[in-house]
Amino acid sequence: MNRDPKAWARLGKALAAARTAQGLIQSSLAERAGVSLGSVQSAESGTVPKARMPYTIGAIAAALGWPNDAVGIILDGGAPPEGWTDAPAPQGAIKAERVETILTAAMVRATSTSTAAEIRAATKIALDALRKEGLLFETDDMQPE
């Protein structure tokens, strides 16, 4: 594992920039990633882990829509992934929170053997795909006019 403080600072800045570009606050990203607020704060601060790569870093990166290898690439001096920012919400876009409720309810009705965690994970994948298409917005100030 890379222990270079500059590499971790670069990763922290990239995570914070990606979160900000998506209009998320740290607590929203933590919820989306399934990690604690402290984990997001630590990741964005660029703190070098004491022993090994925290599993939370991958969860945070995934919640931002980054590919699996993005964290390693940044720590090795590469550029953050492109294409992780949301497109502007088109007319008729639906607030992400409402879509999440609809998708989760539909999956619960459609599956009888899936766990709640599996349903949440599947919902997150669907929401991320919709965000990348610009079909969702996160906050009230992003609503189409």
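Brief remarks on what is shown
- Packing order of peptides 121-130, 9-18, highest average first: 9-18, 121-130 (average count of other Cβ atoms within 10 Å over each peptide's residues).
- In this rough spin-label picture, where each label sits 7 Å from Cα along the Cβ direction, the Thr20-Ala126 distance is 3.4 nm.
- Averaged over its residues, region 1-132 has an accessible area of 57 Å² per residue, based on protein heavy atoms and a 1.4 Å probe.
- Between the amide H of Gly46 and those of Gly12, distances stay under 5 Å, these residues lying 5 or more places away or on another chain, with hydrogens modeled in the peptide plane.
The values are calculated or read from the model by the stated rules, or taken from the named source; none is laboratory data. The model shown is predicted, which means the values in this text are computed figures rather than measured ones. FYI the Cβ positions are ideal-geometry reconstructions off the backbone, even for glycines, and counts take in every protein chain you see. For the accessible areas, the whole protein counts, side chains as well, though only heavy atoms, and no ligand, DNA or RNA atoms are used. Shrake-Rupley method; radii C 1.70, N 1.55, O 1.52, S 1.80 Å.
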